[in-house]
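Below: the structure, in structure tokens.
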Number of protein chains: 2
Amino acid sequence: MAIRYPGGRKYTPPEQPKKKPPKKDSSFSNRGKTLEDELDESNAYYLANNIAVIHKKPVPLQIVKVDYPSRSAAVIREAYFKTPSTTDYNGIYNGIHIDFDAKETGIATSFPLKNIHAHQLEHMKKVAGQGGIAFLIVKFTVSGRYFAVPLELVERAWDRMENGGRKSIPLAELEEEAVEFRAGYLPRLDYLKAVSEFGIS
Amino acid sequence: MAIRYPGGRKYTPPEQPKKKPPKKDSSFSNRGKTLEDELDESNAYYLANNIAVIHKKPVPLQIVKVDYPSRSAAVIREAYFKTPSTTDYNGIYNGIHIDFDAKETGIATSFPLKNIHAHQLEHMKKVAGQGGIAFLIVKFTVSGRYFAVPLELVERAWDRMENGGRKSIPLAELEEEAVEFRAGYLPRLDYLKAVSEFGIS
């Protein structure tokens, strides 16, 4: 964003001491980022540009013991991770309620359904039943491929598994029925564009 | 909910051993419940009856130290409460994105604006800008009165404060411009009904 003086003259910020060397090769600079980091960046971009308001929910914890040292902040001394009962991300995009979970897999040729909890799928169905859009973002870490996976495909694969079929969604099915997207710069992952192609591709 | 056999004959559950004495006076039985408890109950009712999917977000924590005792669950040994950057509740109701915060006050005649953080108000404005409904649920603990307060009223009071005016919303303004609702049984707080009256009352 260019900031201008009231007269319209462009504001030039004073030279800042350079703390970091400039990035070398953009294709390498983002290596090692987790999907969560990439989505956080993307959501920050969406928010700053009034495209969408989407946040990751905090990790649910069972707090058991809290200390209150005098004159300092409360310190949690014993707490445990709880299984989330919903998905990790939700928000609003262009009037539409958005609800999704993000999953990385190191498997190359399929997405294992054990990455999803039954109650997460139930939650997603409930959201879709109210008129929201529920989906998964799946990242294959080996190939660096990303897919926005509509709930319908997840549900179908889940039912197939419950009827004794395979316990994963094969890559070929994702290529056919999900929307693949690539990592970019701003936003890092334009996953909402992919989601808006559900049912079109 | 009455459960019936396929033939329509009413199902009568077998007599259960009574663990608790029966409730005496319904007007007293819910005393001492926090607004959070009441909203949790109401949201569970909305969810079970496919009316809405609304959840409280977990409390955001900064986790500093985690122990991994062998053969047991990870234990968080040092963590701190973080200021939430959004509101506490969101979800979807009838296709509409819902976003709100719940506040109790022990003050009898006004709602102090110090209960709201500036970044929470900013978040609510962003949500409204995307087409969601953002609001506050305010409970006056002394009188047991509840109000669903539209964002517009909160914004106006906030701007007034920033321009040197009073630092609270007087009860009379809430009576005039917010939607009051009463605690009931199922759901405990039918706040979505109140919200659907925004702009009508």
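Taken together, the values in this text are just the output of simple stated rules run on the coordinates, not laboratory data. From a predicted model like this one, the values you see are computed outputs, not experimental measurements. Neighbour counts are summed over all protein chains in view; Cβ atoms, including those assigned to glycine, are modelled from backbone coordinates with ideal geometry.
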### Message
Rounded to two decimals, what is the ratio between the C-alpha radius of gyration of the stretch B:104-201 and 2.2 N^0.38 Å?
### Response
1.06
### Task
Go through A:Lys139/B:Lys125; A:Lys33/B:Lys125; A:Lys82/B:Lys82; A:Lys82/B:Lys125; A:Lys103/B:Lys33 and tell me which ones have a Cα-Cα distance over 27 Å in this structure.
A:Lys139/B:Lys125; A:Lys33/B:Lys125; A:Lys82/B:Lys125; A:Lys103/B:Lys33
### Summary
Quick numbers on the stretch B:37-181, Rg and Dmax over C-alpha atoms in Å, give 17.9, 60
### For the stretch B:72-80, Karplus couplings with θ = phi - 60° (6.51, -1.76, 1.60), whole Hz, Gly/Pro x
9, 5, 4, 10, 7, 9, 8, 7, 10
### Query
For the stretch A:128-201, which chymotrypsin sites (Phe, Trp or Tyr not before Pro) are both in a DSSP coil and crowded by at most 13 other Cβ atoms within 10 Å?
A:Tyr185
